[in-house]
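Just below is one structure, and these are the notes that go with it.
The values are calculated or read from the model by the stated rules, or taken from the named source; none is laboratory data. Note that the coordinates shown come from a computational prediction; the quantities given were computed from them, not determined experimentally. Glycine gets a Cβ as well: all are built from the backbone with ideal geometry, and neighbour counts include every protein chain shown.
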Amino acid sequence: MTLATLEDLGWYACRYRANYPLLVDHYFKAVNRYGAGSYPTIYGIDARGVVRFAAQGAIPRSTLAPKIERSRAFGRTGRST
């Protein structure tokens, strides 16, 4: 088995137009902490580090964008918009 590299992440980000942080969890630390059961698993984490939503599998941008904005707003204000 070959572990993913920074070049692999760059390729993925370019290929799939990912404009969000990417994590390759070689040792399953995030999987164990947050319970990710499939790839991709997307977490919305607010500015305080609180997980505000989780989604598994491919998520359409039209569904994901509002969830991200709500998570960002919650972290700034301390309340949902």
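Under the condition of being modelled with pLDDT under 80, exposed (fewer than 15 other Cβ atoms within 10 Å of the Cβ), outside any helix (DSSP H, G or I) and aliphatic (A, V, I, L, M), the residues counted in region 29-58 number 2. Would you mind stating whether Asp25 is within 24 Å of Thr2 (Cα to Cα) and acidic (Asp, Glu)? Considered against the rule, which asks whether it is within 24 Å of Thr2 (Cα to Cα) and acidic (Asp, Glu), Asp25 comes out as yes. Residue check: is Gly44 of a type outside the set (Phe, Trp, Tyr) and at positive phi? No; evaluated as a whole, the condition is false for this residue.
Looking across Tyr27, Tyr20, Tyr34, one residue alone is free of Cβ contacts under 8 Å to residues at least 60 places away in the same chain, more than 22 Å from Arg72 (Cα to Cα), among the aromatic types (Phe, Trp, Tyr) and out of contact with any Leu (no Cβ under 7 Å at 6 or more places or on another chain). It is Tyr27. If you go through region 9-22 and keep only what is assigned to a loop (DSSP other than H, G, I, E, B) and exposed (fewer than 12 other Cβ atoms within 10 Å of the Cβ), you end up with Tyr16, Arg17, Asn19, Tyr20, Pro21.
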